[in-house]
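Accompanying notes for the structure given below.
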Amino acid sequence: MISFIRSLLYYAAFYPATIIYASLCLIVGKFLPFRQRFIFFTQLNKFYIFWLRVTCGIKVDVKGRENLPKDGAYVAISNHQSEWETIYFQLLISPQVVVLKKELLKVPFFGWALAMLEPIALDRSAKRGALKQLLEQGKDKLSRKIPILIFPQGTRLPVGELGRWNKGGAMLAVASEVPLVAIAHNAGRFWPGKGFVKHSGTVEVVVSPAIETVGRSVDEVHTASVEWLEEHLKEIGA
């Protein structure tokens with residue numbers, strides 16, 4: 001019951017804040033270049049994470065933050081368990097372009113503002129076209145030295161389920177000759193993917209050393225990243 005009330009308090013501020021700040025972003029964002037726009041928009045993410053800690057007692061511990069490349073672009077891939085990582089990872093990797101399903105851009109206020117951050121919005125029903133879109137738009141973003149975040153499982157999965165890891169991230173990294181970084185987390189233990197109630201605790205996030213792609217095949221890079229992810233997901237109970 002306590003967790004339910006705390007979750008209710010979180011959303012009592014989450015939705016009004018989203019509507020108000022997203023509306024402001026829609027007005028201000030058009031006057032800002034991409035990098036400044038990203039910083040301005042994600043101030044709301046800082047509020048989300050702060051308010052989540054205050055109301056629900058959810059904290060975060062990041063290991064390996066220093067492994068994120070300081071200069072130049074890279075591809076980051078991660079497991080997908082809840083909404084938490086879509087919020088926090090915009091703070092962990094800033095700026096960035098995220099790969100997502102295009103339906104999200106239709107969500108009032110949130111989706112409209114998200115569209116201004118130039119995501120790679122894929123149509124899942126057209127798999128071949130989606131891959132072509134990922135590679136074409138991804139190469140363009142990376143050429144501008146903007147990191148790209150991909151959730152290769154394609155959808156949120158419960159804790160303990162891994163599903164199938166697609167190779168899109170490895171393909172893009174190899175094609176663009178940029179490093180690939182894997183990120184493991186256990187956010188689903190505290191913010192279940194399809195649940196309203198949140199549970200107090202500390203989300204563990206682990207960042208892999210950069211995986212070099214020059215001179216390596218897609219399969220080699222994909223295998224190395226997935227093996228690292230599965231090993232560390234097991235270690236943190238995800």
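The values are calculated or read from the model by the stated rules, or taken from the named source; none is laboratory data. These numbers were taken from a predicted model, which means no experiment stands behind them. Here Cβ is always computed from backbone atoms with ideal geometry, including for glycine, and neighbour counts include all displayed protein chains.
Are there helices (runs of 4 or more DSSP H) fully within the range 1-73 with at least 2 residues that are closer than 30 Å to Glu212 by Cα? List them. Give the derivation first.
Details: elements: 2-28, 34-41, 43-56.
Correct list: 34-41.
Could you tell me whether the range 214-221 includes any residue that is among the basic types (Lys, Arg) and either closer than 28 Å to Arg53 by Cβ or touching a residue at least 60 places away in the same chain (Cβ under 8 Å) (or both)?
Step one: list which residues in the range 214-221 are among the basic types (Lys, Arg), which gives 216.
Within this subset, residues satisfying the condition of being either closer than 28 Å to Arg53 by Cβ or touching a residue at least 60 places away in the same chain (Cβ under 8 Å) (or both) are none.
Checked against the condition, which is being among the basic types (Lys, Arg) and either closer than 28 Å to Arg53 by Cβ or touching a residue at least 60 places away in the same chain (Cβ under 8 Å) (or both), the range 214-221 yields no hits at all.
Could you count how many residues in the range 28-43 are β-branched (Val, Ile, Thr) and over 20 Å from Phe89 (Cα atoms)? Lay out the reasoning, then the answer.
Going residue by residue through the range 28-43, those that are β-branched (Val, Ile, Thr) are 28, 39, 42.
Then keep just the ones that are over 20 Å from Phe89 (Cα atoms); that gives 28.
Counting residues in the range 28-43 that are β-branched (Val, Ile, Thr) and over 20 Å from Phe89 (Cα atoms) gives 1.
How many residues does the range 86-107 hold that are in contact (Cβ under 8 Å) with a residue 12 or more places away in the chain and not in a strand (DSSP E or B)? Quick ask: steps written out before the conclusion?
Step one: list which residues in the range 86-107 are in contact (Cβ under 8 Å) with a residue 12 or more places away in the chain, which gives 86-102, 104-105.
Those left that are additionally not in a strand (DSSP E or B): 86-96, 102, 104-105.
Result for the range 86-107: 14.
(1) more than 21 Å from His222 (Cα to Cα); (2) surrounded by fewer than 16 Cβ atoms within 10 Å (Cβ to Cβ): which one isn't true of Gly111, the others all being true?
(2)
Quick one: which helices (runs of 4 or more DSSP H) lie wholly within the range 123-237 and hold at least 3 residues that are modelled with pLDDT of 95 or more and under 23 Å from Ile58 (Cα atoms)?
On the way: elements: 127-143, 168-176, 218-235.
Once the helices (runs of 4 or more DSSP H) in the range 123-237 are filtered for at least 3 residues that are modelled with pLDDT of 95 or more and under 23 Å from Ile58 (Cα atoms), what remains is 218-235.
What single numbered condition from (1) outside any loop (DSSP other than H, G, I, E, B); (2) farther than 29 Å from Phe4 by Cα fails to hold for Leu114?
Condition (2) is where Leu114 drops out.
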